[in-house]
Amino acid sequence: MVKICCIGAGYVGGPTMAVIALKCPEIEVAVVDIATPRINAWNSDHLPIYEPGLDDVVKKCRGKNLFFSTDVEKHVAEANIVFVSVNTPTKTQGLGAGKAADLTYWESAARMIADVSKSDKIVVEKSTVPVKTAEAIERILTHNRKGINFTILSNPEFLAEGTAIKDLFNPDRVLIGGREIPEGQKAIHALRDVYAHWVPLDRILCTNLWSAELSKLAANAFLAQGISSVNAMSALCEATGADVSQVSHSIGTDSRIGPKFLNASVGFGGSCFQKDILNLVYICECNGLPEVANYWKQVIKVNDYQKARFVNRIVSSMFNTVSGKKIAVLGFAFKKDTGDTRETPAIDVCKGLLGDKAKLSIYDPQVSEEQILKDLAMKKFDWDHPAHLQPTSPTTSKKEVSVVWDAYEAIKDSHGICILTEWDEFKNLDYQKVFDNMQKPAFIFDGRNVVDVKKLRDIGFIAYSIGKPLDAWLKDMPAVA
Ligand code: NAD
Ligand code: UDX
């Protein structure tokens, strides 16, 4: 019987293993983690992450062939295939700080696997790692072995949050990289057999180890580059009267470009894009490729520019100061259908507004007050280190930030609204009622292109939406850079 163990019960480990358990009833799947509260939540009715469809999948398999446990060593020892899906955040200190991937968690997982194993294992890199990590992991595993064979595979995950279950059920592709030697190929086939339970074989791509590792970084860099490209265009649209939605549609109909992932926004967020591009930049620098590094760095710079530009637009439109003004922030998660706030653009936008002494009233249907206050108090890059997975005392002052559980409550008596996540409910608010309950002039800044600016202007709002033609008020305000 095949036994799978996955180290790391996070946004990737949890959903991915739940789907493997569902699709492969004869395989026993254990998901293990050092974070006891996370494992307790996986074993409860309130899963630790919000992901449409996940509850259903977990309910169908948990206790049958899917188990969540903190007994990491026992389950690793028993497994034939060990996935490692621990966090690989950006280093905060030392060599490569602010760019390189911190592989501390990966290395400690690898050492533990080497220590507790009593039988041969396939060890699968599920985490996103720098290209060539498998070589280092192999050294750790083989150095400690006592006649045990470890075969390393790279099987990066391409799911996106908010659509994880859909993506896992019907992936564009599954990528498996292994050594081009008989043991490597045998291991590739073993893992391919697991996915082949529900993924057509022509969508299971097999490559060498380094191509698989690099493809993951490359895919995220390409996706993020597309967003920075359209966001750069959004600034030019505002300066010229072009409409970014029309431009996106026009270029997206070219089959060589395609219509997806061309939505202008306040900036991309999430735990992957920035971290993985910084990692790619660092790898290029280490390989003596500064031109390539600088090219990718620009994707991050444009993203930072977009967030700063949004804050500047708000402040300059509201008579160059938001000091003491109540601003309603609608949405805090980095995208809709998730409660994840890692690297959400909302953090930078809120910090920018707080820097100008605004009073914020924040509403997000899936993010708690504790999480928001913690995020606003946290230093850049600290968010993905396990200490921060545990609750800590928030330090952001509740005087400047209130977190409420209703959009209308957030909006009441505010001078301005900014929409930072594209939750569907923000499209359907009663904007006449919203307008009636606000200070005048009533401003709305849509960072996600979810509202109809024309309708809002007819109601009386001064309305701004990323990359859309400006109204007379905004045009007359000082230029935003
Ligand atoms: P996460 O922080 O949600 O989960 C990682 C888990 O690993 C945590 O619960 C942590 O406690 C646990 N962990 C850390 N060290 C451990 C150890 N030694 N033993 C046992 N458990 C340990 O992270 P995530 O979002 O699931 O991401 C995991 C990896 O997958 C990262 O490399 C990330 O880049 C990659 N990835 C993430 C996504 C995504 O959408 N979140 C998508 C594709 C790839
Ligand atoms: C991303 C990749 O899409 C996924 O393949 C990889 O496995 C993990 O990283 P994720 O970060 O979960 O997934 O979400 P994604 O849908 O890619 O969105 C990332 C950010 O880009 C969000 O803040 C989103 O709002 C923003 N975005 C996305 C845009 O601003 N415009 C778009 O057109 C698409």
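The values are calculated or read from the model by the stated rules, or taken from the named source; none is laboratory data. Model, not experiment: these values are computed from the prediction. Cβ: placed from backbone, ideal geometry, glycine included. Neighbour counts: every protein chain shown.
One table, with the values for the structure above:
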{"item": "Test: residue in region 275-286 that is in the same structural domain as GLN225 (by the TED database), more than 24 Å from ASN87 (Cβ to Cβ) and in a helix (DSSP H, G or I)", "result": "no"}
{"item": "Residue tally, condition part of a helix (DSSP H, G or I) and either over 23 Å from ILE283 (Cβ atoms) or not assigned by the TED database to the domain that holds GLY13 (or both), over region 106-133", "result": "6"}
{"item": "Index of the failed condition, THR16 passing every other in (1) more than 9 Å from ligand 1 (Cβ to nearest atom); (2) not in a strand (DSSP E or B)", "result": "(1)"}
{"item": "Check on GLY324, within 16 Å of ligand 1 (Cβ to nearest atom) and part of a loop (DSSP other than H, G, I, E, B)", "result": "no"}
{"item": "Among residues of region 342-368, those that are in contact (Cβ under 8 Å) with a residue 40 or more places away in the chain, within 15 Å of ligand 2 (Cβ to nearest atom) and in a loop (DSSP other than H, G, I, E, B), counted", "result": "5"}
{"item": "Residue under evaluation VAL230, criteria (1) in contact with a helix residue (DSSP H, G or I) (Cβ under 9 Å, 6 or more places away or on another chain); (2) part of a loop (DSSP other than H, G, I, E, B); (3) surrounded by 19 or more Cβ atoms within 10 Å (Cβ to Cβ); (4) not acidic (Asp, Glu), criterion not met", "result": "(2)"}
{"item": "Residue in region 138-165 that is nearest to ligand 1 (Cβ to nearest atom), counting only those that are outside any loop (DSSP other than H, G, I, E, B) and touching a Leu at 6+ places or on another chain (Cβ under 9 Å)", "result": "ALA164"}
{"item": "Of all residues making up region 312-337, the number that are touching a residue at least 60 places away in the same chain (Cβ under 8 Å) and either hydrophobic (A, V, I, L, M, F, W, C) or within 14 Å of ligand 2 (Cβ to nearest atom) (or both)", "result": "14"}
{"item": "Pair list, Cβ < 8 Å and 6+ apart or interchain, from region 287-303 residues that are outside the structural domain of LYS132 (by the TED database) to residues that are not in a helix (DSSP H, G or I)", "result": "ASN303/GLY267; ASN303/PHE268"}
{"item": "Residue identified as of a type in the set (S, T, N, Q), surrounded by 19 or more Cβ atoms within 10 Å (Cβ to Cβ), outside any helix (DSSP H, G or I) and away from ligand 1 (no atom under 16 Å from the Cβ) among SER255, SER265", "result": "SER265"}
{"item": "Odd one out for CYS237, checked against (1) assigned to a helix (DSSP H, G or I); (2) surrounded by 22 or more Cβ atoms within 10 Å (Cβ to Cβ); (3) not assigned by the TED database to the domain that holds TRP423; (4) not β-branched (Val, Ile, Thr)", "result": "(3)"}
{"item": "Answer residue from region 168-195, given it is under 19 Å from the mean Cα position of the chain (by Cα) and more than 19 Å from CYS6 (Cα to Cα) and is farthest from ligand 1 (Cβ to nearest atom) among those", "result": "ASP172"}
{"item": "Verdict on SER69 being assigned by the TED database to the domain that holds LYS23, among the hydroxyl-bearing types (Ser, Thr, Tyr), in contact with a His (Cβ under 7 Å, 6 or more places away or on another chain) and closer than 30 Å to PHE334 by Cβ", "result": "yes"}
{"item": "Test for SER271: is it among the hydroxyl-bearing types (Ser, Thr, Tyr) and either away from ligand 1 (no atom under 16 Å from the Cβ) or at positive phi (or both)", "result": "no"}
